1. Within region 65-81, take every residue that is loosely packed, with under 15 Cβ neighbours inside 10 Å and touching a helix residue (DSSP H, G or I) at 6+ places or on another chain (Cβ under 9 Å) and give me the one that is nearest to THR9 (Cα to Cα).
2. When you look at LEU51, is it open to solvent by 50 Å² or more (accessible area, probe 1.4 Å), touching a Gly at 6+ places or on another chain (Cβ under 8 Å) and free of Cβ contacts under 8 Å to residues at least 60 places away in the same chain, yes or no?
3. Let me confirm something: among ALA43, ALA62, which residue is part of a helix (DSSP H, G or I) and crowded, with 18+ Cβ neighbours inside 10 Å?
4. Just give me the residues in region 35-56 being of a type outside the set (S, T, N, Q) and over 24 Å from SER81 (Cα atoms), in sequence order.
5. Could you tell me which numbered condition ASP19 fails, if it satisfies all but one of (1) within 12 Å of the chain's Cα centre (by Cα); (2) assigned to a loop (DSSP other than H, G, I, E, B); (3) surrounded by fewer than 14 Cβ atoms within 10 Å (Cβ to Cβ); (4) at pLDDT 95 or above?
6. Would you call THR38 among the polar types (S, T, N, Q) and surrounded by 16 or more Cβ atoms within 10 Å (Cβ to Cβ)?
7. Looking for something open to solvent by less than 50 Å² (accessible area, probe 1.4 Å) and modelled with pLDDT of 95 or more - is there at least one such residue anywhere in region 2-13?
Amino acid sequence: DCVDAFASTDFHEDLKKFDIPTLVVHGDDDQIVPIDATGRKTAKLVANATLKVYEGGSHGIALVPGDKEKFNKDLLDFLKS
């Protein structure tokens, strides 16, 4: 039920209300949640969003060796800025 609710809920208006810098991180090879339908779209809807695309990145990049370290660095760099 949770997955169905997440998949069918329209978050467009909520995303437009973000008023703080936001980091959007997405793999360009995510087969579960495609980048064009989610990551890129989110980055356009959120004012002051920064989109980081991980080339060849899959779903769950924060746990994948190699991507995990890059994600941690990118997140810390974003938080410091």
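1. It comes out as LEU75.
2. Yes; evaluated as a whole, the condition is true for this residue.
3. Exactly one of ALA43, ALA62 is part of a helix (DSSP H, G or I) and crowded, with 18+ Cβ neighbours inside 10 Å, namely ALA43.
4. Residues satisfying the conditions are ILE35, ASP36, ALA37, GLY56.
5. (1)
6. no
7. No, that holds for no residue.
The values are calculated or read from the model by the stated rules, or taken from the named source; none is laboratory data. Predicted model, so just to flag it, every value in this text is computed and none were measured. In this analysis, Cβ positions are derived from the backbone assuming ideal geometry, glycine residues included, and neighbour counts consider all displayed protein chains. Note: accessible area is taken over every heavy atom of the protein model, side chains too, but ligands, DNA and RNA are not part of it. Shrake-Rupley method; radii C 1.70, N 1.55, O 1.52, S 1.80 Å.
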